[in-house]
Amino acid sequence: MGIKLRVLLVALAGSVAWSAAAPALAQQTYILSAPRWGQAQTDAVVAAGGAVTFSHEDAGIAVATSSDPEFLARVLTSGAIARGAADEVIELPVPRVVSVEEAGITPLDETFWAFQWAPRSVEAPEAWAAGCTGAGVRVAILDGGIYDIHPDIGPNLDASASRSFVPGEPFNSDTGTFWHGTHVAGIVAAADNGFGVIGIAPQATLIGVKVLHSGSGSFSGVLQGILYAAAPVAQGGAGADIINMSLGGYWLKAGGHNAFFAFINQVVNYASSQGVLVVSAAGNDSVDLDHIGPFEFVPAESGSGLAVSATGPVDFFSGGMNFRRPASYTNYGNSAINVAGPGGDFTLFPVGSWYLDMVISTIRGTSTPPTFSFGWAAGTSMAAPAVSAVAALAKQAHPGISLGALKTLIQRSADDEGKQGHDPFYGHGFVNAYAACTAK
């Protein structure tokens with residue numbers, strides 16, 4: 001089979017429009033919080049010249065809009081609102097990407113298992129042999145679009161529970177040919193169907209929760225996505241057991257951004273109160289998160305979730321089998337990293353078959369009429385869903401396990417790599433699916 005490779009390059013473009021007319025006051029979106037959200041808080045927003053577009057009573061989070069430039073100052077003096085800030089943009093940590101052309105894919109008579117070093121690195125086949133497949137566990141992918149007609153995604157996707165928190169865009173939409181959320185979803189639970197790729201938890205249920213479009217989205221959309229994913233189905237939520245967030249950004253700890261840390265902590269801790277594990281990528285900038293001054297990487301360093309660093313081999317094509325070496329790009333830090341997972345690397349770029357050191361998974365592809373494809377990518381964005389999948393295997397194997405016990409199980413069953421004990425690159429260790437599945 002001849003496989004034609006194509007490197008995907010993303011360019012950002014903007015435009016400026018000028019008008020001689022006096023501009024109308026723009027409507028701004030705000031995030032507000034209180035210990036709980038009720039009628040008193042909604043009334044305060046209206047009295048201050050705003051309108052509530054979303055609220056969550058138990059989490060105490062709301063989103064409001066107003067065209068009054070004095071709205072925020074006014075609502076914060078009402079006595080009903082504890083914190084507020086103007087909404088901002090959050091982005092995914094952009095991975096390096098390579099895709100396979102659709103013409104090279106012939107379903108039903110070929111497989112990419114030979115290229116899937118990542119599931120082997122976490123001992124997923126051993127876990128499958130022990131009966132751990134993730135069946136019955138629900139994993140929400142908070143990301144960009146999920147390509148729901150991909151034959152490796154569709155069988156495990158709960159489309160009825162999937163939602164979008166990007167105005168005007170359905171959950172199964174995005175731009176370009178890669179579709180970050182689709183690649184992430186395949187790492188978790190690409191179906192075991194005899195072709196393509198297989199996820200680390202191949203019978204887990206996927207839920208697409210779109211909070212990004214073309215690589216970015218609003219902070220308020222991310223908050224709403226977490227709250228929706230974590231809420232029980234009986235309350236109108238997705239009923240997720242695990243939330244994967246392969247997204248993030250650096251935020252100042254002080255000034256106008258300190259409210260954002262409170263917001264994200266509130267919603268992540270709400271998810272925890274529902275027994276939902278939140279798994280987040282640690283970022284791709286080779287940054288020591290212990291020493292970045294007034295900044296913090298959100299959501300990885302927020303609330304009570306798990307932050308994941310990345311590992312990857314060098315020259316897998318020629319026999320490089322050290323799948324657990326720290327990736328060249330991964331963020332790290334004793335105070336931040338809980339565990340490490342396989343995220344891939346590209347240290348040989350552009351020499352030989354360097355792309356095989358990355359993680360292969362499902363992507364959107366380019367053909368029309370719509371079809372599907374597969375591609376390689378590297379980043380903590382790829383490591384986080386590997387950990388989410390291991391968590392799904394562990395939860396299936398331990399019915400009724402509490403959130404605290406699940407987090408402890410994932411960490412204590414991880415293989416101690418690097419310096420003995422907790423260290424900046426691996427945290428508690430490199431996740432081990434078989435150990436997590438079979439631990440007593």
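The values are calculated or read from the model by the stated rules, or taken from the named source; none is laboratory data. The shown structure was predicted, so the numbers you read here are calculated from the model rather than taken from an experiment. When we count neighbours, we look across all protein chains shown, and the Cβ atoms used for this are built from the backbone with ideal geometry, even at glycine.
Only one of these conditions is not met by Val209: (1) more than 13 Å from the chain's Cα centre (by Cα); (2) modelled with pLDDT of 95 or more. Which number is it?
Here Val209 meets the rest and fails (1).
Conditions first: (1) in contact with a Ser or Thr (Cβ under 8 Å, 6 or more places away or on another chain); (2) within 30 Å of Tyr30 (Cβ to Cβ); (3) not in a helix (DSSP H, G or I). Ala161 passes all but one, so which condition is the exception?
Ala161 satisfies every listed condition except (1).
Can you report the number of residues in segment 394-405 which are of a type outside the set (Gly, Ala, Ser) and either in contact with a Lys or Arg (Cβ under 7 Å, 6 or more places away or on another chain) or more than 15 Å from Val278 (Cα to Cα) (or both)?
The qualifying residues number 4.
Among the candidates Ala383, Ala392, Ala405, single out the residue that is more than 24 Å from Leu247 (Cα to Cα) and part of a helix (DSSP H, G or I).
It is Ala405.
In segment 198-221, what count of residues is obtained for those that are closer than 30 Å to Ala397 by Cα and not in a strand (DSSP E or B)?
Looking only at that region, the number is 7.
Can you find a residue that is over 30 Å from Thr111 (Cα atoms) and in contact (Cβ under 8 Å) with a residue 40 or more places away in the chain anywhere in segment 199-212?
yes
Quick check on segment 282-293. Is at least one of its residues in a strand (DSSP E or B), touching a helix residue (DSSP H, G or I) at 6+ places or on another chain (Cβ under 9 Å) and either crowded, with 24+ Cβ neighbours inside 10 Å or hydrophobic (A, V, I, L, M, F, W, C) (or both)?
no
Quick one: in segment 350-375, of everything that is among the aromatic types (Phe, Trp, Tyr) and either modelled with pLDDT of 90 or more or outside any loop (DSSP other than H, G, I, E, B) (or both), which residue is surrounded by the most Cβ atoms within 10 Å (Cβ to Cβ)?
Tyr355
Can you tell me which of Ala262, Ala281, Ala271, Ala254 is more than 14 Å from the chain's Cα centre (by Cα), assigned by TED's automatic domain parsing to the domain that holds Trp376 and modelled with pLDDT of 95 or more?
Going through Ala262, Ala281, Ala271, Ala254 in turn, the sole match is Ala271.
Can you name the condition, by its number, that Ser99 falls short on among (1) crowded, with 18+ Cβ neighbours inside 10 Å; (2) at pLDDT below 95; (3) more than 30 Å from Thr182 (Cβ to Cβ)?
(3)
Yes or no: segment 257-279 includes at least one residue that is over 23 Å from Ala62 (Cβ atoms), out of contact with any Gly (no Cβ under 7 Å at 6 or more places or on another chain) and of a type in the set (Ser, Thr, Tyr).
The answer is no; no qualifying residue exists.
Check segment 236-259 and report whether any residue there is at positive phi and part of a helix (DSSP H, G or I).
yes
Out of everything in segment 209-257 that is touching a Phe, Trp or Tyr at 6+ places or on another chain (Cβ under 9 Å) and polar (S, T, N, Q), what residue ends up being surrounded by the fewest Cβ atoms within 10 Å (Cβ to Cβ)?
Out of the qualifying residues, it is Ser218.
Do you know which residues across segment 146-166 are over 18 Å from Ala191 (Cα atoms) and either hydrophobic (A, V, I, L, M, F, W, C) or buried (at least 24 other Cβ atoms within 10 Å of the Cβ) (or both)?
Ala161, Phe165, Val166
Ala378 - would you say it is in contact with a Lys or Arg (Cβ under 7 Å, 6 or more places away or on another chain), surrounded by 24 or more Cβ atoms within 10 Å (Cβ to Cβ) and among the small types (Gly, Ala, Ser)?
yes
Between Asp148, Asp109, which is modelled with pLDDT of 95 or more and either in a loop (DSSP other than H, G, I, E, B) or in contact with a Leu (Cβ under 7 Å, 6 or more places away or on another chain) (or both)?
Asp148
So is Ala271 among the aliphatic types (A, V, I, L, M) and out of contact with any strand residue (DSSP E or B) (no Cβ under 8 Å at 6 or more places or on another chain) or not?
no
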